[in-house]
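Reviewing the structure listed below.
The values are calculated or read from the model by the stated rules, or taken from the named source; none is laboratory data. Note that this is a predicted model, so its numbers are computed, not measured. Cβ sites come from the backbone with ideal geometry, for glycine too, and all protein chains shown count toward neighbours. These accessible areas exclude ligands, DNA and RNA; they are computed on the full protein's heavy atoms, side chains included. Shrake-Rupley method; radii C 1.70, N 1.55, O 1.52, S 1.80 Å.
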Amino acid sequence: MGHGGNVIEELTADHREVDELFEQIEALPGADQRRRELADRLTMELVRHSVAEEQYLYPTVRRYVDGGDDLADKEIADHGEVERMLKELEDCQPGDGRFDTLILRLKNAVTAHVSDEENRLFPMLADVCSADALRELGEKIRAAKQHAPTRPHPSAPDTPPANKLLAPGAGMVDRVRDMLTGRGKQG
């Protein structure tokens, strides 16, 4: 969940972690219950990542990158689509055709989003921010992920200041639920 480095290195490491989770899900037989556990971990990672980006990355993009409002709006819309799919995935079990369909739709949406961020947004951000600013933003992203929700909340605010006020409370409730149910535990 926390990798270190500047914001681009941190978020890129998250992207690779998510890629690996998709590969692990796809490598298991259709009805294998380990796919549900991996889908829960995938959901947790994607939600924390998205919340942190919405709290810190996109406001920075809006402020400093030319055309940043449009870029941030598109990325936030992508997050909304992914979060709705994650919410639907919560009610699916491996072996259910909807599970496989949602995993494929999620993978396609996340892959397109990641490609856009890594090939377009990150280079634009690197051009306008100092190395110190990128490092500081990486610290903020890591801190936000520690307190972020771990479950999809599609109707929650996705822009500051409301998201910064409400996400930690939702995150605390989600982590208590995860602890009580054992959700997200490895092994």
*Somewhere in region 111-126, is a residue among the basic types (Lys, Arg), modelled with pLDDT of 75 or more and assigned to a helix (DSSP H, G or I)?*
yes
*For residues that are in a helix (DSSP H, G or I) and exposed (fewer than 13 other Cβ atoms within 10 Å of the Cβ), tally how many sit in region 4-19.*
1
_Regarding region 82-99, can at least one residue be identified that is under 22 Å from Arg120 (Cβ atoms) and in contact with a helix residue (DSSP H, G or I) (Cβ under 8 Å, 6 or more places away or on another chain)?_
yes
_Quick check on my filter: what residues within region 41-70 are open to solvent by 30 Å² or more (accessible area, probe 1.4 Å), assigned to a helix (DSSP H, G or I) and more than 17 Å from Gly80 (Cα to Cα)?_
Arg41, Arg62, Arg63, Tyr64
